[in-house]
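For reference, the structure is listed below as C-alpha cells.
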Amino acid sequence: MCRLTVVLSRVTMQEVTATSRHYVDRLFHPDPQKVLQGVIDMKNAVIGNNKQKANLIVLGAVPRLLYLLQQGLSSSELRTECVVVLGSLAMGTENNIKSLVDCHIIPALLQGLVCPDLVFIEACLRCLRTVFISPVTPVQLLYTSPEHQTVLFNHGAIQNIAPMLISLSYKVRMQALKCFSVLAYENTQVSMTLVNVLVGVNLRTEVTCVKVFFFLKVTFLSLSVSPSLTYMCRAGAIRTDDRCIVLKTLPCLVRMCSKERLLEERVEGAETLAYLMEPDVELQRIASVTDHLVAMLADYFKYPSSVSAITDIKRLDHDLKHAHELRQAAFKLYASLGSNDEDIRKKITETENMMDRIVSGLSESSIKVRLAAVRCLHSLSRSVQQLRTSFHDHAVWKPLMKLLQNAPDEVLVMASSTLCNLLLEFSPSKEPILESGVVELLCSLTQSDSPALRVNGIWALMNMAFQADQKVKGEIVRALGTEQLFRLLSDPDTNVLMKTLGLLRNLLSTRPHIDQIMSSHGKQIMQAVTLILEGEHSIEVKEQTLCILANIADGNTAKELIMTNDDILQKIKYYMGHSNAKLQLAATFCISNLIWNEEGSCQERQDKLRELGFVDILHKLTQALDPNLCERAKTAMQHYLA
C-alpha cells in the first residue's frame, strides 16, 4: 500500500538545504562556466515556482547573484542571466520584493544602466520595472544616495579627492577616506574607478588607490580604510579572495571588534564585518577562526559594567548609550557567521551564556535588538543538532511565543519563520509548543494581509500536523475553520497555496484520519481539488494536489468520493498521460491505491477502472523512461493480476 505524506523535515529543512541549496552552492563554484550554467539552471527552476523562489531568497541567493552581477570579472552573459533570475524572483510575492529591496537590488540595477551592453541594459530595465510596479517598493529609492553618488562621480569627485589620500595632513586623509566610503557603498561604477584610479606618490611614481589603502599603516587610519574596501568588495570591484580583503580588511575589522577599541569602533567593526562576509561562506569560515572572534563578541553583552556604574557616572552614561548598539551588532555578526556552517553554529551556541543572551535579546526594549536577536535565532534554528540540544535545553520557544504576541511585522515574520523550524517532527520543542495553545495564534497569522505571515502561519500548521494524532489534527481544523482553509486554497500567493496543500496532505494521513476528515469535509475538498487541477497552476501545485487525491484514495471509505466522481477520474486519467513525469507518477499513485486488492470490495473498483481504460494506460507506463514511474506502473499492474 502506498501512502503519500509530506516529509516535513525535507519540506522545511531539506527543501532549504537539498534541492534549493544545490542551486545556491553552484553560484560559488570556482569555474565561471559552471557558475553560468548554475545561474541558467536556477532561472529555469524558479519560473512559475514561488516556493523555489522563496527558498532561494531564504538561502541567500540574492546577495550572491548581486555580487556576480556587479563583479567586474563576470562575463556579460553571466551578468545578464543574474539579472534575469533576479527579475523572476521579483515576480513572486510581495515578500520577495521586500527581500530584494532590503538586499539593495535597486542601486545595483541602476548602475547596470551605464553598461555598454544593450542586452544587459534591457535586462536591468525589465527587472527595475518589475520591482517598481510593486506597491511595496519605496519609490523614493530612485532619488536617494545612488543619484547623489552618480552626480559626484560625473563631476570628477574621485579624481580630485584621490590625491588627498597622501596628504601630509592626517585630517585631510581621514576625510578623503570617509568620502570614498560613502561614494563606494553599493556603487559598482565608483568602486571600479577607485580600484583603477592612479595617485601620484612622487614625480615619477603612480599607484592605484587600493594600493594606497593597503599601505596606510597608521592603525586608526587602517580602521577607516576597511569600510571603503568592504564596500568596494561587496560592489564587485574587489574579489572576496583578494589579499587586500583576506589579509587586510577582514583581520582589521576583527581587530575593530576587540575589547581594546572604542565602543563606537566595535559597533562599526562588527556591522561592517557582518556585511562583508554575508554572501561568502569562505570569509565566514576565515573570520570564525581569526583572533577568537566568536568568543570575543561575548564581551559585547557586558555593558554597562558594574564597575563603571560605581566609579564613573560619565562612563556609565557612555556605556548605556552604546549598550543596545553593541548587542545589536553582536547578534548581526553571529547571524552572519552562522548562516551556513554547522561547526560555526556549534561554536556560537557553546560561547559563554550565548543562548541565555539570545533569549534575553528577544525581550529587549529596543526593537532593533529584538530583530537582530531573532535573526540570530533563526540562523541557528536551521541546525538539526541545535534544535535537539541548545534550543531544547534553554526553552527558547517560550520567549519566542511571547514575542509573537505583540510585535511589528518585520519581527513577526522572522519570529514565525523560526517557529516553523521549532515545530519540525525531530524538534523536542514541538510538544511543549503544542501544549501552549499555539494553534489559535498560527491560525490568526493565516488571515494576515502580509503574504509572508500567511505563509509562515500555514507552514507552521503544516509542520504541526505531520504525523500528529487525531486530537491535534481536529484542533487545527476547528481553529482554522473550513471556510478559511478553502479560502487559503484559492490564495493568489502560490507559496501560501503550496503550504495549504501540504497541510491538507498531512491532515489526510492514516486511514482513520482520512475517512473522518473526508466524511465531514469531503465535498468541499473534492471541489477545491477539481478547481486546482483545472486552473492555471504550476506543475508543483498540481503534483501536490494529485498527491492529496492519492491520500484520499488510501482511505477505507474516502476512496468512494473518487470512484463516484467521473470528472475526477477523467482528470487522473489525463495526468497519467501528461508529458511531465512528476504529474504522471502522482496520478499513478492515485490509481494504485484505488485498485489495491486488500479487501473484498476491490473487484468492483478494478472493473470500473478497467472499463475506463486505466489498465491500458498502466500497461504503457510500464515502458516509461522514468524509472520511478515505470516501477509504480508495474506495481499497480500486479494488483490486477493478484
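The values are calculated or read from the model by the stated rules, or taken from the named source; none is laboratory data. Note that the structure is a prediction, hence the values are computed from the model and not measured. With ideal geometry, Cβ positions are generated from the backbone for all residues, glycine too; neighbour counts draw on all protein chains shown. Surface accessibility is based on the protein's heavy atoms, side chains included, excluding ligands, DNA and RNA. Shrake-Rupley method; radii C 1.70, N 1.55, O 1.52, S 1.80 Å.
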* To do: Output the qualifying pairs, or none if there are none: Cβ atoms under 7 angstrom, residues six or more apart or on different chains, first residue in the range 495-510 and more than 15 Å from Lys51 (Cα to Cα) and open to solvent by less than 10 Å² (accessible area, probe 1.4 Å), second residue among the charged types (D, E, K, R) and in a helix (DSSP H, G or I).
  => Leu507/Lys473
* Asked: Name the pairs: first residue in the range 378-398 and on the phi > 0 side of the Ramachandran plot, second residue of a type in the set (Val, Ile, Thr), Cβ to Cβ under 9 Å, at least 6 apart or on different chains?
  -> Ala395/Val359
* Structure fact -> Scanning the range 51-109 residue by residue, the ones that are open to solvent by 20 Å² or more (accessible area, probe 1.4 Å), free of Cβ contacts under 8 Å to residues at least 60 places away in the same chain and assigned to a loop (DSSP other than H, G, I, E, B) total 3
* Which residues, taken from the range 538-573, are in contact (Cβ under 8 Å) with a residue 40 or more places away in the chain, in a loop (DSSP other than H, G, I, E, B) and open to solvent by 20 Å² or more (accessible area, probe 1.4 Å)? -> Ser538, Asn556, Thr557
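So if I check each of Leu442, Leu419, which one is part of a helix (DSSP H, G or I) and either in contact with a Gly (Cβ under 6 Å, 6 or more places away or on another chain) or within 30 Å of Glu282 (Cβ to Cβ) (or both)? I'd like the intermediate steps shown before the answer.
Values: Leu419 fails: either in contact with a Gly (Cβ under 6 Å, 6 or more places away or on another chain) or within 30 Å of Glu282 (Cβ to Cβ) (or both).
One residue alone meets the criteria, Leu442.
Quick check on Ser436: is it at negative phi, at pLDDT below 90 and open to solvent by 10 Å² or more (accessible area, probe 1.4 Å)? Steps first, please.
Numbers: at negative phi: yes; at pLDDT below 90: yes; open to solvent by 10 Å² or more (accessible area, probe 1.4 Å): yes.
Yes: the conditions hold for Ser436.
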* Members of the range 625-642 found to be modelled with pLDDT under 90 and either open to solvent by 100 Å² or more (accessible area, probe 1.4 Å) or assigned to a loop (DSSP other than H, G, I, E, B) (or both), listed by number -> Gln638, Leu641, Ala642
* To do: Can you confirm whether the range 64-72 contains a residue that is modelled with pLDDT of 85 or more and out of contact with any Gly (no Cβ under 9 Å at 6 or more places or on another chain)?
  => yes
* To do: Report yes if Val210 is touching a helix residue (DSSP H, G or I) at 6+ places or on another chain (Cβ under 9 Å), over 22 Å from Ser336 (Cβ atoms) and either open to solvent by 10 Å² or more (accessible area, probe 1.4 Å) or modelled with pLDDT of 85 or more (or both), otherwise no.
  => yes
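For the range 317-332, give me each residue that is more than 16 Å from Lys259 (Cα to Cα) and either touching a residue at least 40 places away in the same chain (Cβ under 8 Å) or surrounded by 17 or more Cβ atoms within 10 Å (Cβ to Cβ) (or both).
Within the range 317-332, the subset more than 16 Å from Lys259 (Cα to Cα) is 317, 320-321, 324, 328, 331-332.
Across the range 317-332, the qualifying residues are His324, Gln328, Phe331, Lys332.
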* To do: Select from the range 257-292 the residues that are within 26 Å of Leu320 (Cβ to Cβ) and among the β-branched types (Val, Ile, Thr) and write down the one among them that is farthest from the chain's Cα centre (by Cα).
  => Val267
* Pair list, Cβ under 7 Å, 6 or more apart: the range 339-367 residue touching a residue at least 60 places away in the same chain (Cβ under 8 Å), other residue assigned to a loop (DSSP other than H, G, I, E, B) -> Ser339/Gly60; Ile344/Gly338
